[in-house]
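Following: one structure in structure tokens, then a few remarks.
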Amino acid sequence: MQNIYHMPKKLGEQFLMSDLGPLNYFLGIGVLHSSKGYYISQSKYIQDLIARSRLSDNKTTTTRMDLHLQLRPTDGSPLEDPSRYHHIVGSLVYLMVTRFDIAHVVHILSQFLSVPTSVHFGHLLHVLRYLRGTLSQCLFYASDSPLELHAYSVSTWVSDPTNRRPVTSYCILIDSSIAWKSKKQAVVSRSSTEAEF
């Protein structure tokens, strides 16, 4: 492999680009190469996020959110300055690039961006404590992967206590996850079967 690549000409000029070697860190995503494959992590990004969020304790937790928790817009008192809540939720959205395990929780907490309350902020800090306790988690893409495609989906029925709309989530994997999403459906389903479609 050559070390210099020729880029397309622009206005009659020729641009040269150097080969900087294997990718190690880019846009908050760390890449570790090994003979077994690639490890992709955002652990440094998580540490920076926790520092920026001014989380004062050193507690960790093993759960992202209580299993059957149902948050409402009227829970707690509105935050005086919601910008901190907005910043953390926005950072968590970017963190889902490698941490799809928080996709559903971020989906729930992002519904309250217009008027976040003290209760919503408390659950947001709980997510940060979970991330602190799971810093070593990462995505692994094996070099000897058989490249089999797997897709999983799940849908809730009347899970939102405010408007009764179901939430649909999916995850697509080729050895490791490549796509995932959690989204509230636009209409109210009349049965659990209808929610699946």
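FYI, it's all coordinate maths here, none of it is from the lab. Keep in mind that what you see is a predicted model, and the values were worked out from it rather than measured.
Some points to look at:
- Cα-based shape type of the stretch 94-135, given that a ≥ b ≥ c are square roots of the gyration tensor eigenvalues and the cut on a/c is 1.5: oblate
- Multiplying each eigenvalue of the alpha-carbon gyration tensor of the stretch 18-144 by 5 and taking the square root yields semi-axes of 31, 15, 13 Å, largest first, rounded to whole angstroms.
- Counted residue by residue at 0.36 nm each, then reduced by the alpha carbon distance between them, the extension gain from LEU69 to LYS181 reaches 38.4 nm.
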